[in-house]
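The values are calculated or read from the model by the stated rules, or taken from the named source; none is laboratory data. What you see is a predicted model, and the numbers here were worked out from it, not measured in a lab. When we count neighbours, we look across all protein chains shown, and the Cβ atoms used for this are built from the backbone with ideal geometry, even at glycine. Heavy atoms of the whole protein, side chains included, go into the accessibility calculation; ligands, DNA and RNA do not. Shrake-Rupley method; radii C 1.70, N 1.55, O 1.52, S 1.80 Å.
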Amino acid sequence: MGSRFMPAFADPKELRALQLEGLKWTVSHAYAGSSFYRERLDEAGVHPEDIRSLEDLRSLPFTTADDLREGYPFPLLSVPLSKVVRIHSSSGTTGKRKILAYTQKDLDDWAHFFARCYEMAELTPEDRVQISVGYGLWTAGVGFQLGCEKFGAMAIPVGPGNIDLQCEFLVDLQSTVLCCTASMALLMAEEIQRRGLRDRIALRKLIYGSERSSDSMRRRIKELLGLEDMFDIPGMTELYGPGTGLECPRHEGIHYWADYYILEILDPVTLEPVPEGEIGEMVVTTLRKEAAPLIRYRTRDLTRWVGHPCSCGSPLPLHDRILGRSDDMIIFRGVNIYPGQIDQILSEMDEIGSEYQIVLERGEDGRDYMTVRVERLQDVPAQRNPQIEGRIAEEIKKRILVSCRVEAVDYGALPRSERKSKRIFDRRPQ
Ligand code: ZN
């Protein structure tokens, strides 16, 4: 099967030319069509004709979630409303929800690059894709479905929840691919195990997204469902929706669709590019989006570059998984620390569970101190504390380059909640 949805460019040079063309188009389009962007660009003293190279991207002003909320209900709109054929909305964590508008071309583009996800995951038209994510205002379901139909596989739009129906379709329709969040996949995997359905289902692949997942969680899902492969899929409503990239079968990172948007990874404080391997905030600039183009939109999502070209041979560049949110960043003794980094180190340690707390305090000597509290697993005796604490402190020192105190506590001693647990306690005077 030849490539139907992969980009036309062959090397980084061709990609840069394509991106420059898209950048020029986006800036002129936004300047002409949106009073918001025109004002912003004027303020920054940049005019569309000033964009002559990709480096000129750096002269453009940033856009943030606040700009989207202030422009409610049609933020960043750069076309007449008569050209808008659909809206989607995501719930903001604070205040007004974000609404994003789409033209028909935006929807066509989205379907095209979503079909690319299925192509990258090496699906065939024989595949049956059970789509178990939300539909409606939320971008996920319809994105998965349009892409699937465009690709030519069979879409089974079940939507989220309803485990009985999910299991029924997995058995009766012999779905080969499941699309859902990692936590739903784990739930389904355990349910299929409990009901003894493993031998009656035909699942081969999982495409999962929209939240963080640990290595152990992914391993368990793969094992219980007997999967061949599973793929992390990124995406956000501001940038069309899900499907803006996909983990490739070699699992060296996430290939992102650099022919549809430019990705910058910047230090969230200085807004300067971070060196390869260091964590920064993803900032995106769209290259073809008509209704609500993004110019240097600060996503708050954190990741890092995977510098080497992928061994799969795809010219599409790679970034790492989403490693957290920049709002959670801590500055400790001049070092930017993301809870996700601590999380990752702890998840590789045996003898401890997944709960932890980070406490920051200022000592009498005026210096800042960090304490990381972890929980021993149920069957690990308290006598092991010194070894556990020493090993974690050493690993944090080695990988994040900061010294901290580690305190191992009894199993169950740290509070749990169904919602996101509070893990950071910054008690330093502001
Ligand atoms: Zn690859």
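Quick notes
- Test for residue 320: is it of a type in the set (D, E, K, R) and either in the same structural domain as residue 410 (by TED's automatic domain parsing) or more than 16 Å from the ligand (Cβ to nearest atom) (or both): no
- Test: residue in the range 407-424 that is closer than 21 Å to residue 300 by Cβ, assigned to a strand (DSSP E or B) and either aliphatic (A, V, I, L, M) or open to solvent by less than 50 Å² (accessible area, probe 1.4 Å) (or both): yes
- Hits in the range 219-235 - residues which are among the β-branched types (Val, Ile, Thr) and within 15 Å of the ligand (Cβ to nearest atom): 233
- For the range 354-365, the criterion of being within 23 Å of residue 280 (Cα to Cα), touching a Ser or Thr at 6+ places or on another chain (Cβ under 9 Å), β-branched (Val, Ile, Thr) and not assigned by TED's automatic domain parsing to the domain that holds residue 282 is met by at least one residue.
- The range 118-140, residues that are among the hydroxyl-bearing types (Ser, Thr, Tyr) and open to solvent by less than 10 Å² (accessible area, probe 1.4 Å): 118, 132, 139
- Residues located in the range 160-200, provided they are assigned to a loop (DSSP other than H, G, I, E, B) and surrounded by fewer than 21 Cβ atoms within 10 Å (Cβ to Cβ): 160, 161, 162, 173, 174, 195, 196, 197
- For the residues 395, 355, 361, the requirement of being surrounded by fewer than 18 Cβ atoms within 10 Å (Cβ to Cβ) and assigned to a strand (DSSP E or B) singles out 361.
- Restricting the range 291-310 to residues that are at pLDDT below 95 and open to solvent by 40 Å² or more (accessible area, probe 1.4 Å), the residue that is farthest from the ligand (Cβ to nearest atom): 300
- Every residue from the range 236-256 that is away from the ligand (no atom under 13 Å from the Cβ) and closer than 14 Å to residue 120 by Cβ: 242, 243, 244
- In the range 141-159, the qualifying residues are those that are part of a loop (DSSP other than H, G, I, E, B) and touching a strand residue (DSSP E or B) at 6+ places or on another chain (Cβ under 9 Å), and the one that is most open to solvent (accessible area, probe 1.4 Å) is 157.
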